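Undergrad: Dropping a structure here in structure tokens format, bear with me for questions.
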Amino acid sequence: MTRYATIDVGSNTVLLLVAERRTDGTFVPVVERAEITRLGRGVDRTGRLDAKAIADTVAVIARYAAEARALEAAGIACVATSAARDAANSSAFFDAARAQAGLVPEVVSGDEEARLVWTSAWRDFGSPGRSLAVLDVGGGSTELVVGDGPLPRARESAQLGAVRLTERVVTADPIPPAELAALRAAAREGARVLPVAAVGDPARATMVGVAGTVTTLAAVERGLRVYDAGVVHGASLSRDRLEALFARLGAMTTAERAAVPGMEPKRADVIVAGCAIVLEAMAAAGFDRLTVSDRGVRWGLLHDRFGH
């Protein structure tokens, strides 16, 4: 079996997947890693990537690339999303990645990011004849992709993510009630561009939530002291439970949230905004429940670039 690697450089998190391709074309994961470097720190305000964020992110990419090569990956595909798309000085990031990691992340559009997420989610949760709505809440952007087959029929990317929304609204710790309300209002407004009409009747459709905000909320809801992808992937989250989590986490300080079982400490400052986006996207599309996916861009990229 041949091994391949994919690296997803998001606005908040860098993720690695090394997998073996079987003779039947399916993939078996060998290594999966995630590390929060927050490449998108301050991009919404300044339009530029922060020098420390570049250094931290490139160091992780270099480590991931070295591990993939040590595992004899026959190919490495690396993509970057919202922060790299938006920043005026992305070339500094690319140059550093080339020098330290021996590869240059490919910047993908929001539309392409949505397509890659769909490729992953459809393989795991798609069912011919039943609509699937895939919600990907990232650090800098949010995508909703809708379809009822291997190719989606509607997709859109909104300039709204957990990091971006936090930086726009939150000024105090704990978050004041007025700012909690402002997070919901901004998330509601941002969700207007998502293709919710394409869902049709939500009772005849399934919503799948992808990426770190949703997986963290699932881990917190289940009180996981050690993250377990086997428990999170395929788990269900109701809108009622998410509303309760929003209220509970929103009343805490960042330090208190960081200590909650299931919480990734580096995500504690942006999880409330992320939860607001999930809730407002679900409401806009008419869903009372979503299914959690622990797989996203990196898995879609794997199938897209290295699948049969």
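The numbers here are math on the coordinates, done by the rules we state, and not lab data. These numbers were taken from a predicted model, which means no experiment stands behind them. In this analysis, Cβ positions are derived from the backbone assuming ideal geometry, glycine residues included, and neighbour counts consider all displayed protein chains.
Undergrad: As a test, work out the antiparallel percent of DSSP beta bridges whose residues both lie in the chain, rounded to the nearest 5.
TA: In the chain, approximately 65 percent of DSSP beta bridges are antiparallel ones.
Undergrad: Among TYR227, LEU290, GLY190, which residue has its Cα furthest toward the positive end of the charge dipole of segment 125-296, with +1 on Lys/Arg Cβ and -1 on Asp/Glu Cβ?
TA: Of the options given, the answer is LEU290.
Undergrad: Can you give me the three principal axis dimensions of segment 83-142 from its C-alpha atoms, in Å, biggest first?
TA: Taking max minus min along each principal axis of the Cα atoms, segment 83-142 gives 47, 22, 15 Å.
Undergrad: Using only alpha carbons, build the gyration tensor for segment 17-166 and give me the equivalent ellipsoid semi-axes, biggest first, whole Å.
TA: In descending order the semi-axes read 27, 23, 11 Å.
Undergrad: Same structure again: Distance from the Cα centre of segment 180-257 to that of segment 123-158, in angstrom?
TA: Spelled out, the Cα-based centre of one part sits 16 Å from the other.
Undergrad: How high is the relative contact order of segment 2-107? Use alpha-carbon pairs under 8 Å, at least six apart in sequence, and give a whole percent.
TA: 31
Undergrad: Right, another one. What order, most packed first, do the peptides 250-258, 264-272 have when packing is the mean number of other Cβ atoms within 10 Å of each residue?
TA: Going by the mean number of other Cβ atoms within 10 Å, highest first, we get 264-272, 250-258.
Undergrad: So if we plug the beta-carbon distance of GLN100 and LEU71 into 1/(1 + (r/R0)^6) with R0 = 22 Å, what FRET efficiency do we get, rounded to 0.05?
TA: Efficiency, from the Cβ-Cβ distance: 0.70.
Undergrad: Sticking with this structure for a sec: Would you kindly derive the ³J(HN,Hα) couplings of segment 264-274 from the backbone phi angles with the Karplus curve 6.51 cos²θ - 1.76 cosθ + 1.60 (θ = phi - 60°), listing them in order in whole Hz, with x for Gly and Pro?
TA: Each residue of segment 264-274 in turn: 7, x, 6, 9, 5, 7, 10, 5, 5, 5, x Hz.
Undergrad: Determine the sum of side-chain charges near ARG192: Lys and Arg each +1, Asp and Glu each -1, restricted to other residues whose C-beta is under 15 angstrom from that of ARG192.
TA: That works out to -2.
Undergrad: What is the Rg over Rh value, at two decimals, for the chain, using alpha-carbon atoms and the Kirkwood definition of Rh?
TA: For the chain, the value is 0.95.
Undergrad: Just add up the charged neighbours of ARG130: K/R +1, D/E -1, any other residue whose Cβ is under 10 Å from the Cβ of ARG130.
TA: 0
Undergrad: Quick one: grab Rg to one decimal and Dmax as a whole number for segment 125-296, Cα atoms only, in Å.
TA: 15.1, 47
Undergrad: In addition: Per 5 Å bin from zero, what fraction in whole % of the C-alpha pairs of segment 227-308 is there, up to the bin with the longest pair?
TA: 3, 13, 18, 21, 20, 13, 7, 4, 1, 0
Undergrad: Using only DSSP helix segments of four residues or longer, with each worth -39500 (n - 2.57), what per-residue ellipticity at 222 nm results for the chain after dividing by its residue count and rounding to 500?
TA: -13000 deg cm²/dmol
Undergrad: Taking other Cβ within 10 Å of each residue's Cβ, how do TYR4, TYR227, TYR64 sort, fewest first?
TA: Lowest to highest Cβ neighbour count: TYR227, TYR4, TYR64.
Undergrad: Among ASN12, ALA121, GLY47, whose Cα lies farthest out toward the positive end of the dipole of the chain, if unit charges sit on the beta carbon of Lys, Arg (+1) and Asp, Glu (-1)?
TA: Farthest towards the positive end: ALA121.
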